[in-house]
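Working notes for the structure below.
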Amino acid sequence: MLYRILADLVVLLHLFFIIFVVTGGVAAYFWSWRMVVLHLPAVIWGMYIEFSGNICPLTPLENHFRQLSGQEGYSSGFVDHYLVPIIYPVGLTRDIQIVLGLLVFVVNLVAYAFFLRRIAA
């Protein structure tokens, strides 16, 4: 039971990290440099994972806890296992992964442009 709870907590952490990577630039607009210091490394990591095709270390950690709880792990990444069935029913391809990475870049580029414009004013 404990390992299943830990696996579920890793899933939540993973999901919140993804949300932070995508929307953290908007948060920086409101909370200034404190958020930028936390967000930029997260964006760089998220883009690295998407562009390189690697699996985030949280995925094997979740699988480890799932196996310790008697459940089966999975061989794909977090996005492919949890989000793709919701967003992209046909599956995650390398092209879609690159588009997701570019989307993260563009959303944050726009958010930081507004942020820099606000602090320059």
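Derivation of every value follows stated rules applied to the coordinates shown; laboratory data play no part. A quick note: this is a predicted structure, and the numbers were derived from the prediction, not measured. In this analysis, Cβ positions are derived from the backbone assuming ideal geometry, glycine residues included, and neighbour counts consider all displayed protein chains.
Using a cut-off of 14 Å between beta-carbons, work out the net charge of the residues near His64 (Lys and Arg +1, Asp and Glu -1, His64 not included).
Around His64, the surrounding residues sum to -1.
Tabulate in residue order the Karplus-calculated ³J(HN,Hα) for segment 25-30, using 6.51 cos²θ - 1.76 cosθ + 1.60 with θ = phi - 60°, rounded to whole Hz; enter x for Gly and Pro.
The phi angles translate into x, 5, 4, 4, 4, 8 Hz.
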